[in-house]
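The values are calculated or read from the model by the stated rules, or taken from the named source; none is laboratory data. Note that the coordinates shown come from a computational prediction; the quantities given were computed from them, not determined experimentally. Here the Cβ positions follow ideal geometry from the backbone for every residue, glycine too, while neighbour counts run over all protein chains shown.
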């Protein structure tokens, strides 16, 4: 089976004034469909850079990235945006729901980029909210929900377009222990029950335990891998 | 569209105040244009086939009545009518003991040829007959009749501010005709009466007229006829100045100085201020939502969509302000017929072009004020924005 993510000798260098900082340094990585990966490492180790690169939000200084069968370097910014809408689900640390929209409208947001009717969008959004157990909160705004509920809405939003790959940057970073546990249980269910490939960035070893493979980055170098 | 609408109202006070501020500016713009149009109304109602002959020095100097028969035989002249500005003031006693004063333009004219020259004043034949048969009869515009609450057969008493009666009594007239203008640009407030009545009853300036109206056989001959008339009287004690009706009416506007420039200057300042207010609000709104823009891009929204979202919000603010400001002013003036000074502005309307202009200004203001946050959003790199926030 073809890998869902393939990085080949990827380097990402940021320039700050006259100095150059290598956020990722010659990283080679292969992730198979259906995997649950935890990207770990100290702050500044390149975890988020790696996540942004494989989601097409950033481009490497050198090296090749193939995700969901696409060489990301071959696409324009507009094509990458379209590709991201179809193939990638994003979950952020601070949820990033739009405060003016209800839970259902937030989940419908990425669906507006698809050629779906209003009823189809609504049905998809409601199905995604049922998956995350928030069918009774569909018409609530983010300000009327707890942090855990907000993150579950964000996960439903990421799932709405049925992407092949879910990427999550510190998804439990802003949650209490109980909510974090619930969110990770949900992630696990999405991986095992729905076959979603999941990559999460985390500092928390308890969160990482839900993944079947841990990748450790340090100073931009992939230096350790652990499988469960 | 839904997202644009919802985002507009995330800060209702700010959006409300911005819309209100812009709406007031657009309302002011429409009001200024209505005032300009009101000043120009006399010019708009002018006909190219009519000339006006006045004293060379000023409209306030009179011309001999005998000029009428001397002008009539000129080549290219179809008919001639004389007229004199009467300047009478209508006064009505009030129950409180005070007197209500109403002003409307009133002239003494050579009735038969005058009405032939002004087909814009439409009256039924029987009213025409009654008017011609009564020397102290008068004709009033429908707007003045309504304003005074008068109808056919009613009496109107005017105080002659320029022309006192021989016995110093007030001037009394009977309404014999009420005209309806044939177009919206013709003044519906005029009052005209027989020149003979003025001449017989006034104590001074007998056999004199304020001006002559010439009806041309061919409008293209206006320059030749004007020159011929003025040449004819050049060396007389009463030299003339002949011009087309538009130029005649324009001289009253020019007496007020270059108010058009002043109005336009005020309008420009208002619009520029409005642009700054709107741009400032949109920039604040855009800056506050940098993270949201980055998130939308991460979710797959293209740069152009995010740009459109911000510019769309700014344009929506402009259009809301247009509906409130220009729409409200149009409804108040053109539909509800509000007029700040009916005596002074017999025709007071927001011109259609002014409404279109306000729409253009509102859309332009929205576009320009949305461009700054829009371009910032266009250039926003989501990876960097999400990392730095």
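Just one of the numbered conditions (1) surrounded by fewer than 21 Cβ atoms within 10 Å (Cβ to Cβ); (2) within 14 Å of chain B (Cβ to nearest Cβ); (3) over 20 Å from residue A:134 (Cβ atoms) is not true of residue A:165; which one?
Among (1) surrounded by fewer than 21 Cβ atoms within 10 Å (Cβ to Cβ); (2) within 14 Å of chain B (Cβ to nearest Cβ); (3) over 20 Å from residue A:134 (Cβ atoms), the lone unmet condition for residue A:165 is (1).
How many residues, within region B:332-343, are touching a helix residue (DSSP H, G or I) at 6+ places or on another chain (Cβ under 9 Å) and in contact (Cβ under 8 Å) with a residue 40 or more places away in the chain?
Number of matching residues: 2.
What are the residues in region A:91-108 that are surrounded by 22 or more Cβ atoms within 10 Å (Cβ to Cβ) and either touching a strand residue (DSSP E or B) at 6+ places or on another chain (Cβ under 6 Å) or part of a loop (DSSP other than H, G, I, E, B) (or both), if any?
A:91, A:92, A:95, A:96, A:97, listed by residue number.
As an exercise: evaluate residue B:113 against (1) touching a strand residue (DSSP E or B) at 6+ places or on another chain (Cβ under 7 Å); (2) more than 24 Å from residue B:173 (Cβ to Cβ); (3) not in a strand (DSSP E or B) and give the number of the one condition it does not meet.
(2)
For region B:202-214, what are the residues that are more than 12 Å from residue B:62 (Cα to Cα) and crowded, with 20+ Cβ neighbours inside 10 Å?
Across region B:202-214, the qualifying residues are B:202, B:213, B:214.
Answer yes or no as to whether residue B:189 is surrounded by 17 or more Cβ atoms within 10 Å (Cβ to Cβ) and more than 28 Å from the chain's Cα centre (by Cα).
Spelling it out, it is not the case that residue B:189 is surrounded by 17 or more Cβ atoms within 10 Å (Cβ to Cβ) and more than 28 Å from the chain's Cα centre (by Cα).
Go through B:358, B:362, B:326, B:377 for me and flag whichever is in contact with a helix residue (DSSP H, G or I) (Cβ under 8 Å, 6 or more places away or on another chain), within 14 Å of chain A (Cβ to nearest Cβ) and either touching a residue at least 60 places away in the same chain (Cβ under 8 Å) or surrounded by 15 or more Cβ atoms within 10 Å (Cβ to Cβ) (or both).
So the residue among B:358, B:362, B:326, B:377 that is in contact with a helix residue (DSSP H, G or I) (Cβ under 8 Å, 6 or more places away or on another chain), within 14 Å of chain A (Cβ to nearest Cβ) and either touching a residue at least 60 places away in the same chain (Cβ under 8 Å) or surrounded by 15 or more Cβ atoms within 10 Å (Cβ to Cβ) (or both) is B:377.
Checking residue A:195 against (1) more than 14 Å from every other protein chain (Cβ to nearest Cβ); (2) surrounded by 19 or more Cβ atoms within 10 Å (Cβ to Cβ); (3) at positive phi, which test does it fail?
(2)
Only residues that are surrounded by fewer than 16 Cβ atoms within 10 Å (Cβ to Cβ) and either at positive phi or modelled with pLDDT of 90 or more (or both): list them for region B:339-350, please.
none
Restricting the search to region A:67-88, which residues are more than 23 Å from residue B:379 (Cα to Cα) and either facing chain B (nearest Cβ under 10 Å) or surrounded by 19 or more Cβ atoms within 10 Å (Cβ to Cβ) (or both)?
Listed by number, the residues that qualify are A:67, A:68, A:87.
Would you mind listing the helices (runs of 4 or more DSSP H) fully within region A:124-228 where at least 2 residues are over 22 Å from residue A:37 (Cβ atoms) and at pLDDT 90 or above?
Filter on region A:124-228 gives A:147-159.
Which one is surrounded by the most Cβ atoms within 10 Å (Cβ to Cβ), of the residues in region B:2-27 that are in contact (Cβ under 8 Å) with a residue 40 or more places away in the chain and farther than 16 Å from residue B:323 by Cβ?
Among residues in region B:2-27 that are in contact (Cβ under 8 Å) with a residue 40 or more places away in the chain and farther than 16 Å from residue B:323 by Cβ, the one surrounded by the most Cβ atoms within 10 Å (Cβ to Cβ) is B:7.
Pairs under 8 Å by beta carbon, first residue without any contact (Cβ under 8 Å) to a residue 60 or more places away in the chain in region B:83-106, partner surrounded by 13 or more Cβ atoms within 10 Å (Cβ to Cβ) and not in a strand (DSSP E or B), six or more apart or different chains?
B:92/B:148
Among the residues of region A:85-115, which ones are touching a residue at least 60 places away in the same chain (Cβ under 8 Å) and within 20 Å of residue A:148 (Cβ to Cβ)?
Matches in region A:85-115: A:89, A:90, A:91, A:92, A:93, A:94, A:95, A:97.
Residue B:176 - would you say it is in contact with a strand residue (DSSP E or B) (Cβ under 7 Å, 6 or more places away or on another chain), crowded, with 21+ Cβ neighbours inside 10 Å and part of a strand (DSSP E or B)?
yes
Could you list, in sequence order, the residues of region A:34-66 that are within 14 Å of chain B (Cβ to nearest Cβ) and not in a loop (DSSP other than H, G, I, E, B)?
A:47, A:48, A:49, A:50, A:51, A:52, A:53, A:54, A:65
Would you list the helices (runs of 4 or more DSSP H) that sit entirely within region B:1-105 and hold 2 or more residues that are more than 14 Å from chain A (Cβ to nearest Cβ), modelled with pLDDT of 90 or more and touching a strand residue (DSSP E or B) at 6+ places or on another chain (Cβ under 6 Å)?
B:67-71
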